[in-house]
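The values are calculated or read from the model by the stated rules, or taken from the named source; none is laboratory data. Here the structure is a predicted model, which is why all the values come from computation and not from measurement. Here the Cβ positions follow ideal geometry from the backbone for every residue, glycine too, while neighbour counts run over all protein chains shown.
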Amino acid sequence: MILVTGATGTVGREVMRRLPAGVPVRVLARNPSRVAGAAPGAEVVAGDYGDPASLERVLRGVRSAFLVTTRVAGDQDALFVEAARAAGVRHVVKLSAAAVEDPLADDLITRWQRGSEELLRASGMEWTLLRPRSFMSNTLSWAPSLRSEHVVRALYGSSANSCVDPRDIADVAVRALTEPGHRGRAYTLTGPQAVTAAEQTAGLAELLGRPLRFEELEPDQARALWSERHPAPVVEALLHSARRQREGAKAGVENTVAELTGRPASSFGTWARAHLAAFTDD
């Protein structure tokens, strides 16, 4: 039995949809009604990391799990790892972040991810770590201003990021869950080239067939914008991350997706064409 967590999120949803037919799958969700696209026969179960009884129920009979946690500096990883070990889970594939490999990345989010990786490695269970660069789907946050004003606003628009298609992350995750040879491995996952926000804006303009304007945010403007959605410590972590990107820390490209899947990693243009409806006026 394979357990998928995060199935209403960007990567977990794609993992759930890509698992081969005939593989027993259980999906953990706080709200099962929000889970869409599960294969026929998949078992969707209500549960929460903070509810030990629900974790015990969900993990019963599970041998491999795909783990996504979202509460920065929280205890979700510790709660899951403890419950999984007690339930006899053998292998956990964890969604982490590429920044954990950068010794200059010392923000709250990266420290949390490093600590979460250490918890899993020390658990006695077998593990695989997926360390993606930023998701291409993060650009969906531009959609409201792009649709209403034909404007994209972002911080450090000329800094490059080798962002990755979440579908590529999911393809690697499925292989790690279902094939031998991935246990005890950590995979850094990137797109095929580093791109800037200004270049992404130009690419969207070409695909949409209309001009778009890129406006550079000042750090204080970005702080104010992100503060509408995140607590102050997370906002400061995001600003630290953006400064690292401006200094070139996120421009490196890895060939891991191609090596593991047998096909090149998807470009931003490929991702954008598949999600163009999100950026259209209607």
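Odds and ends about this structure:
- Sole exception among (1) touching a residue at least 24 places away in the same chain (Cβ under 8 Å); (2) closer than 27 Å to Ala197 by Cα; (3) of a type outside the set (A, V, I, L, M); (4) buried (at least 18 other Cβ atoms within 10 Å of the Cβ) for Phe66, by number: (2)
- Exactly one residue among Ala205, Ala173 is surrounded by fewer than 22 Cβ atoms within 10 Å (Cβ to Cβ), hydrophobic (A, V, I, L, M, F, W, C) and either assigned to a helix (DSSP H, G or I) or touching a Pro at 6+ places or on another chain (Cβ under 8 Å) (or both), and that residue is Ala205.
- Restricting attention to segment 80-90, the residues that are touching a Ser or Thr at 6+ places or on another chain (Cβ under 9 Å), in a helix (DSSP H, G or I) and either at pLDDT below 95 or surrounded by 17 or more Cβ atoms within 10 Å (Cβ to Cβ) (or both) add up to 3.
- Ala21 out of contact with any strand residue (DSSP E or B) (no Cβ under 9 Å at 6 or more places or on another chain) and closer than 30 Å to Ala249 by Cα: no
- Just one of the numbered conditions (1) of a type outside the set (Asp, Glu); (2) in a loop (DSSP other than H, G, I, E, B); (3) free of Cβ contacts under 8 Å to residues at least 40 places away in the same chain; (4) in contact with a helix residue (DSSP H, G or I) (Cβ under 9 Å, 6 or more places away or on another chain) is not true of Ala21: (4).
- Only one of Leu129, Leu59 that is more than 21 Å from Ala29 (Cα to Cα) and in contact with a Phe, Trp or Tyr (Cβ under 9 Å, 6 or more places away or on another chain): Leu129
- When Leu146 is tested against the conditions (1) under 13 Å from the mean Cα position of the chain (by Cα); (2) part of a helix (DSSP H, G or I); (3) buried (at least 24 other Cβ atoms within 10 Å of the Cβ), the lone failure is (1).
- Residue check, Arg229 in contact (Cβ under 8 Å) with a residue 12 or more places away in the chain and farther than 15 Å from Phe268 by Cα: no
- Counted residues, segment 116-158 - those being out of contact with any helix residue (DSSP H, G or I) (no Cβ under 8 Å at 6 or more places or on another chain) and either basic (Lys, Arg) or within 30 Å of Val81 (Cβ to Cβ) (or both): 6
- Here Ala186 fulfils each of the conditions (1) touching a Lys or Arg at 6+ places or on another chain (Cβ under 7 Å); (2) among the small types (Gly, Ala, Ser); (3) part of a helix (DSSP H, G or I) apart from (3).
- Qualifying residue in segment 91-109 (condition: assigned to a helix (DSSP H, G or I) and over 20 Å from Glu247 (Cα atoms)): no
- Against the numbered list (1) part of a helix (DSSP H, G or I); (2) surrounded by fewer than 13 Cβ atoms within 10 Å (Cβ to Cβ); (3) under 20 Å from the mean Cα position of the chain (by Cα), Ala258 comes up short only at (2).
- Selection within segment 97-119: residues that are touching a Leu at 6+ places or on another chain (Cβ under 9 Å) and surrounded by fewer than 23 Cβ atoms within 10 Å (Cβ to Cβ). The member of this set that is farthest from Glu236 (Cα to Cα) is Glu117.
- Residue match in segment 120-139 (condition: under 26 Å from Ala78 (Cα atoms), in a helix (DSSP H, G or I) and at pLDDT 95 or above): yes
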